[in-house]
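Below you'll find the structure, written out as structure tokens, and then a few comments.
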């Protein structure tokens, strides 16, 4: 089999094939054996008609499609391997120049490949590393998480309910005297002042005493998620079953010993400052790296095939659903509470997907231009770091990795080398001072926060704990996915 590859553009290649007549005739015979059972020939049982008779009745072209399907996968894979091509989409059959028994099969396909990347001057970047002070507010906010864990609930019987209490209630809601779906609950927990229920409900429960029953008059919001209730007045008959008061611990040595390995509150507080400082430094380094990578990407140019963006968009959307599920929220709940459709969410994610693909391509192009090849020691460092995060012993973890996972860590080491190169050659200014808010693109954490506002019973991670993914790890993850895509069985599109 002979082939030739012609570059049509920066991201598309035409591959022309010449298949020897003997190979095509072999494929035709296999095609006959495969198809004869579904071809009707008068006087013969299915599968028993001779090939020549079938060809005389229907023409030998009746076997061409099956013969091409038999020949194409191996011929295409050979061309891709020997031609060092990197397809990113299925090949499209663009023409059959010659076909027939006893003849060479000549045909051509076109396929999108990894695009050419025109790099900018990535060795002369400028960036600022922002290292902000750890504020008292940050320290208090972090301590508040431990306070929340140590807070207890104490039953109250000698006073009415008030804001901040957790009450247990039975209720039945009606609109125009008729109960509605979702309007009834028994022994429902509700924190007064949380805004969990429709406006006016919690305010009227406040002041009730245990055993008291009361009709609450409220109006559903105009944008309520159940459209049939939008803007309608309703009456909820409520019975107060119990009152629980939240008792927060004193911030003293006893509290510190309960929530940490430290004996005194001062030691505990110092550990919080150390934790926040280390987290700040990691985030500052990651932000600097992301800035440098983004500059290198912005300076570069490439024509990305739509298939690569679509593939990455699918991955982004799937990860978004998984992140929501991890928070206890379904994608369907998100769409219902925010009024967005799947198409709108995908459209919102498309720019990010496109940028992720371009970032991967630029990092790969820099690594190729600089001829970067990681040492085994560098790869092992990446493996050991990940093993530590999972509380695994590094050598045992390494032995458990398959070929694909080992390739991922090699890619991770290459990406790390690219980022280190950008930092080593960049002009970096250090800015120290109070924290400041930068405009950040909407990400999954923002989406989760929106849904959590609609579903207040879900517990969100703090903003400090939502660290941006390091660019080296993101690039390696995307590259691993690209490698998986390349191993898929090729199919020709006619």
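Checking residue 29 against (1) without any contact (Cβ under 8 Å) to a residue 24 or more places away in the chain; (2) within 39 Å of the chain's Cα centre (by Cα); (3) farther than 30 Å from residue 118 by Cα, which single condition isn't satisfied?
(2)
Output the number of the condition that residue 343 fails; it satisfies all remaining conditions of (1) crowded, with 16+ Cβ neighbours inside 10 Å; (2) assigned to a helix (DSSP H, G or I).
With (1) crowded, with 16+ Cβ neighbours inside 10 Å; (2) assigned to a helix (DSSP H, G or I) applied to residue 343, the lone miss is (1).
Among 405, 388, 360, which is touching a residue at least 12 places away in the same chain (Cβ under 8 Å), assigned to a helix (DSSP H, G or I) and in contact with a helix residue (DSSP H, G or I) (Cβ under 9 Å, 6 or more places away or on another chain)? Give the steps one after another, and end with the answer.
Numbers: 405 fails: touching a residue at least 12 places away in the same chain (Cβ under 8 Å); 388 fails: touching a residue at least 12 places away in the same chain (Cβ under 8 Å).
The match here is 360.
When residue 284 is evaluated against the numbered criteria (1) out of contact with any helix residue (DSSP H, G or I) (no Cβ under 7 Å at 6 or more places or on another chain); (2) surrounded by fewer than 14 Cβ atoms within 10 Å (Cβ to Cβ); (3) over 30 Å from residue 162 (Cα atoms), which criterion, by number, is the only one it fails?
For residue 284, the exception is condition (2).
Return yes or no: is residue 131 within 30 Å of residue 430 (Cα to Cα) and either in contact with a strand residue (DSSP E or B) (Cβ under 9 Å, 6 or more places away or on another chain) or part of a helix (DSSP H, G or I) (or both)?
Yes; evaluated as a whole, the condition is true for this residue.
For segment 363-375, state whether one or more residues are in contact (Cβ under 8 Å) with a residue 24 or more places away in the chain, under 21 Å from residue 115 (Cα atoms) and out of contact with any helix residue (DSSP H, G or I) (no Cβ under 9 Å at 6 or more places or on another chain).
Yes, because at least one residue in segment 363-375 is in contact (Cβ under 8 Å) with a residue 24 or more places away in the chain, under 21 Å from residue 115 (Cα atoms) and out of contact with any helix residue (DSSP H, G or I) (no Cβ under 9 Å at 6 or more places or on another chain).
Determine, yes or no, whether residue 429 is touching a residue at least 12 places away in the same chain (Cβ under 8 Å), assigned to a helix (DSSP H, G or I) and either touching a strand residue (DSSP E or B) at 6+ places or on another chain (Cβ under 6 Å) or surrounded by 12 or more Cβ atoms within 10 Å (Cβ to Cβ) (or both). Let's see the steps before the verdict.
Details: touching a residue at least 12 places away in the same chain (Cβ under 8 Å): yes; assigned to a helix (DSSP H, G or I): no; either touching a strand residue (DSSP E or B) at 6+ places or on another chain (Cβ under 6 Å) or surrounded by 12 or more Cβ atoms within 10 Å (Cβ to Cβ) (or both): yes.
When the stated conditions are applied, residue 429 does not pass them.
Can you name the condition, by its number, that residue 132 falls short on among (1) exposed (fewer than 13 other Cβ atoms within 10 Å of the Cβ); (2) outside the structural domain of residue 30 (by TED's automatic domain parsing); (3) at pLDDT below 95?
If we test residue 132 against (1) exposed (fewer than 13 other Cβ atoms within 10 Å of the Cβ); (2) outside the structural domain of residue 30 (by TED's automatic domain parsing); (3) at pLDDT below 95, just (1) comes out false.
What single numbered condition from (1) within 30 Å of residue 301 (Cα to Cα); (2) touching a helix residue (DSSP H, G or I) at 6+ places or on another chain (Cβ under 7 Å) fails to hold for residue 54?
(1)
May I ask you to say which residue of 284, 263, 257 is under 24 Å from residue 134 (Cα atoms), without any contact (Cβ under 8 Å) to a residue 24 or more places away in the chain and in a helix (DSSP H, G or I)? It would help to see each step written out before you state the result.
On the way: 284 fails: without any contact (Cβ under 8 Å) to a residue 24 or more places away in the chain; 263 fails: in a helix (DSSP H, G or I).
After ruling out the rest, the residue left standing is 257.
Any residue at all in segment 235-253 that is part of a helix (DSSP H, G or I) and at pLDDT 95 or above?
Initially, segment 235-253 is screened for residues part of a helix (DSSP H, G or I), giving 253.
Those still in the list that are at pLDDT 95 or above too: 253.
Yes: segment 235-253 contains one or more residues that are part of a helix (DSSP H, G or I) and at pLDDT 95 or above.
Considering 62, 99, 19, which residue is buried (at least 20 other Cβ atoms within 10 Å of the Cβ) and either more than 33 Å from the chain's Cα centre (by Cα) or touching a residue at least 12 places away in the same chain (Cβ under 8 Å) (or both)? Steps first, answer last, please.
Numbers: 62 fails: buried (at least 20 other Cβ atoms within 10 Å of the Cβ); 99 fails: buried (at least 20 other Cβ atoms within 10 Å of the Cβ).
The unique qualifying residue is 19.
Inside segment 34-58, can you point out the residues that are within 47 Å of the chain's Cα centre (by Cα) and surrounded by 12 or more Cβ atoms within 10 Å (Cβ to Cβ)? Steps first, please.
The initial filter retains those residues of segment 34-58 that are within 47 Å of the chain's Cα centre (by Cα), namely 34-35, 37-38.
Answer for segment 34-58, where residues must be within 47 Å of the chain's Cα centre (by Cα) and surrounded by 12 or more Cβ atoms within 10 Å (Cβ to Cβ): 34, 35.
What's the total number of residues in segment 339-357 that are touching a helix residue (DSSP H, G or I) at 6+ places or on another chain (Cβ under 6 Å) and over 22 Å from residue 309 (Cα atoms)?
0
This table checks each residue for (1) over 30 Å from residue 112 (Cβ atoms); (2) touching a strand residue (DSSP E or B) at 6+ places or on another chain (Cβ under 7 Å).
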residue: 24; (1), (2): no, yes
residue: 35; (1), (2): yes, no
residue: 40; (1), (2): yes, no
residue: 49; (1), (2): yes, no
residue: 55; (1), (2): yes, no
residue: 61; (1), (2): no, no
residue: 64; (1), (2): no, no
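If we keep just the residues of segment 233-256 that are over 26 Å from residue 168 (Cβ atoms) and within 39 Å of the chain's Cα centre (by Cα), which is surrounded by the most Cβ atoms within 10 Å (Cβ to Cβ)?
Ranking the qualifying residues of segment 233-256, first place goes to 256.
Kindly provide the set of residues from segment 77-111 that are assigned to a loop (DSSP other than H, G, I, E, B) and either closer than 16 Å to residue 11 by Cβ or not assigned by TED's automatic domain parsing to the domain that holds residue 24 (or both), ordered by number.
First, pick out the residues of segment 77-111 that are assigned to a loop (DSSP other than H, G, I, E, B): 83-86, 88-91, 99-104.
Matches in segment 77-111: 83, 84, 85, 86, 88, 89, 90, 91.
The values are calculated or read from the model by the stated rules, or taken from the named source; none is laboratory data. Everything numeric in this text was worked out from a predicted model, so none of it was measured. Cβ coordinates were reconstructed from backbone atoms using ideal geometry, including for glycine residues, and neighbour counts include every protein chain displayed.
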